[in-house]
Amino acid sequence: MTARIGVVTFPGSLDDRDTQRAIRVAGAEPVALWHKDKDLKQVDAVVLCGGFSYGDYLRAGAIARFSPVMDTVIDQAKSGLPVLGICNGFQILTEAHLLPGGMLGNDHLHFICRDQKLRVENADTAWTSDYTAGQEIRIPLKNMDGRYVADRRTLDELEAEGRVAFRYVTRGGAADGPADPEGYGNPNGSLNDIAGITNAAGNIVGLMPHPEHAVEPLIGSGRTDGLPFFTSILKKLVSA
């Protein structure tokens with residue numbers, strides 16, 4: 001029996017089908033979950049996908065955090081259920097206080113969509129074990145509210161405990177930034193160039209770029225740099 005990975009659909013989610021396909025490409029069984037249902041259908045892991053939720057009113061993810069399905073996700077995540085939050089899913093995880101910090105509008109006040117260079121900082125989580133620490137990857141990024149912020153104490157704790165999972169790769173040049181054609185630079189003003197973080201246990205990971213859009217060579221940029229997210233969790237679940 002293969003691993004079953006749930007994908008939650010909220011009102012406004014638009015990457016749920018791509019996420020389900022990425023899970024299937026990795027070799028696991030995707031399970032559709034609905035925001036109004038508390039039942040997680042006995043899945044082995046959950047992905048909160050990208051897009052929007054409840055119009056992103058108040059703040060992105062602020063209303064979705066109180067949806068019925070999140071009651072169960074929060075409870076089981078605290079008990080070890082692997083949870084991945086992508087873009088809007090990352091915003092929901094911070095609003096639910098499963099991950100620290102928060103997300104604000106991009107510092108340039110524009111929506112951004114491009115391939116983004118990232119460096120893997122932590123390859124010891126449930127979702128990153130098929131990467132190596134220091135590996136550089138490129139996967140799509142698309143958001144308006146992707147600027148990661150936290151107070152200095154939280155940032156220091158994340159750095160000291162190795163909980164920065166992914167960081168934007170910068171070159172320090174004048175063209176380094178949202179307009180860089182090769183995807184280098186901090187695209188939104190995130191503090192410490194943070195693109196994704198993990199909780200202390202390593203079962204919860206959130207990031208703004210979209211690995212589900214980079215799992216097959218025939219679509220998008222043709223790169224498969226996002227596939228290890230899904231093979232990582234599959235290997236962890238089948239070996240448990």
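Can you go through ASP56, ASP37, ASP71, ASP75 and tell me which one is touching a helix residue (DSSP H, G or I) at 6+ places or on another chain (Cβ under 7 Å) and open to solvent by 30 Å² or more (accessible area, probe 1.4 Å)?
Numbers: ASP56 fails: touching a helix residue (DSSP H, G or I) at 6+ places or on another chain (Cβ under 7 Å); ASP71 fails: touching a helix residue (DSSP H, G or I) at 6+ places or on another chain (Cβ under 7 Å); ASP75 fails: touching a helix residue (DSSP H, G or I) at 6+ places or on another chain (Cβ under 7 Å).
Matching residue, one of ASP56, ASP37, ASP71, ASP75: ASP37.
Are any residues in the range 112-131 at pLDDT 95 or above, under 13 Å from GLY226 (Cα atoms) and not aliphatic (A, V, I, L, M), and if so, which ones? First the steps, then the outcome.
Looking only at the range 112-131, we keep the residues that are at pLDDT 95 or above, and these are 118-131.
Then drop every residue that is not under 13 Å from GLY226 (Cα atoms), which leaves 118-120, 127-131.
Across the range 112-131, the qualifying residues are ARG119, TRP127, THR128, SER129, ASP130, TYR131.
Out of the strands (runs of 3 or more DSSP E) lying entirely within the range 1-103, which hold 2 or more residues that are more than 27 Å from GLY189 (Cβ to Cβ)?
The strands (runs of 3 or more DSSP E) meeting that bar are 4-9, 29-34, 45-48.
Looking only at the range 141-148, decide whether some residue is within 15 Å of SER190 (Cβ to Cβ), in contact with a Leu (Cβ under 9 Å, 6 or more places away or on another chain) and aromatic (Phe, Trp, Tyr).
yes
Tell me, yes or no, whether the range 88-97 has at least one residue that is over 23 Å from THR19 (Cβ atoms), open to solvent by 30 Å² or more (accessible area, probe 1.4 Å) and among the charged types (D, E, K, R).
So far as the range 88-97 goes, no, none of its residues is over 23 Å from THR19 (Cβ atoms), open to solvent by 30 Å² or more (accessible area, probe 1.4 Å) and among the charged types (D, E, K, R).
Collect the residues in the range 130-148 that are open to solvent by less than 60 Å² (accessible area, probe 1.4 Å) and touching a residue at least 24 places away in the same chain (Cβ under 8 Å), keeping them in residue-number order.
Quick first cut of the range 130-148, residues open to solvent by less than 60 Å² (accessible area, probe 1.4 Å) only: 130-131, 134, 137, 139-143, 145-146, 148.
Result: ASP130, TYR131, ILE137, ILE139, PRO140, LEU141, LYS142, ASN143, ASP145, GLY146, TYR148.
The values are calculated or read from the model by the stated rules, or taken from the named source; none is laboratory data. Just so it is clear, the model here is predicted, and its values are computed rather than measured. Note that each Cβ is placed from the backbone with ideal geometry, even for glycine, and that neighbours are counted across all protein chains shown. To get the accessible areas, we keep the full protein, side chains included, count just its heavy atoms, and leave off ligands, DNA and RNA. Shrake-Rupley method; radii C 1.70, N 1.55, O 1.52, S 1.80 Å.
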